[in-house]
1. Within 28 Å of Leu119 (Cα to Cα) and part of a loop (DSSP other than H, G, I, E, B), is that true of Val89?
2. Within the range 46-57, does at least one residue satisfy the condition of being free of Cβ contacts under 8 Å to residues at least 40 places away in the same chain, closer than 19 Å to Arg167 by Cβ and assigned to a strand (DSSP E or B)?
3. Filtering the range 135-188 down to residues that are small (Gly, Ala, Ser) and in contact (Cβ under 8 Å) with a residue 40 or more places away in the chain, which residue is surrounded by the fewest Cβ atoms within 10 Å (Cβ to Cβ)?
4. Need at least 3 residues that are at pLDDT 95 or above and within 15 Å of Glu48 (Cα to Cα) per element, so show me which helices (runs of 4 or more DSSP H) inside the range 97-194 make the cut, counting only ones lying wholly within it.
5. What's the number of the condition Ile26 fails, among (1) touching a Leu at 6+ places or on another chain (Cβ under 6 Å); (2) surrounded by fewer than 17 Cβ atoms within 10 Å (Cβ to Cβ)?
6. Which condition number in (1) in contact with a Cys (Cβ under 7 Å, 6 or more places away or on another chain); (2) farther than 29 Å from Thr196 by Cβ; (3) charged (D, E, K, R) is the one that Glu48 fails?
7. So which of Leu119, Leu143 ends up being of a type outside the set (Lys, Arg), under 14 Å from Pro80 (Cα atoms) and assigned by TED's automatic domain parsing to the domain that holds Gln75?
Amino acid sequence: MHLWFQAIYLHCCPEGINARQLSEAIGVTYKTAWLMAHKLRHAMSRAEAERLLEGIVRVANTTIYYHLDGISNWQPQEQPVLIAAAGEVGEPERIKIEKQDKSVLPNRKAPPAPESFILRHVAPEARGDVVVTRRKDRPRELLDVGVKLEQWLAWIFRGIGPKHLQRYLNHFCYWWNERNGSMFADLLQWCAATPTITYPALTGRAPRASRPVRTTERAARAAAG
């Protein structure tokens, strides 16, 4: 258990930690550290799903890993996201970030539809007053959140592919939203209350079938007798 407490504490630190650093810090293999980190992000994701944005909420779209090449077609590394923030002015108090499906967006200039995003992440009483902004009118504060997110992904994890990106977005949002509170105690409670997630579920691989047990002829006769 002390390894888990260490891992939880390290994931609550402002500077963050990746799986390789975690494996060295607590003395486990990289694969074990990777699985532990994703189980913690699973708990963070559940916490974020339960806590909706309230009050004045602004929503804007942006692209992380944006590639300056002057063309309108999506580049492989680019990922469109929607960012929502609660708070009137200055740095947002609480945020939500969700990766969007770029296969349904004809080009980089097409904004994703925010309706389902708002239903998932904004409290019912605040949905009628959500301010959705487009390209030229996007608030500087929300764009700054996107810049900080991209820096966080690059500095700590050296970039993340689309398969697991949403879990890292949830991690970033959890850290941002709980950074002024008792994050360690809060995450500890969520880890205790969240059903575990397995390695096959995380990777999308089918669990390995158990190997058939070979029985000797003598043992088979004994069992038959």
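1. On the way: within 28 Å of Leu119 (Cα to Cα): yes; part of a loop (DSSP other than H, G, I, E, B): yes.
When the stated conditions are applied, Val89 passes them.
2. no
3. Gly159
4. Correct list: 115-121, 165-178, 183-193.
5. (2)
6. (2)
7. Numbers: Leu119 fails: under 14 Å from Pro80 (Cα atoms).
Matching residue, one of Leu119, Leu143: Leu143.
The values are calculated or read from the model by the stated rules, or taken from the named source; none is laboratory data. These numbers were taken from a predicted model, which means no experiment stands behind them. In this analysis, Cβ positions are derived from the backbone assuming ideal geometry, glycine residues included, and neighbour counts consider all displayed protein chains.
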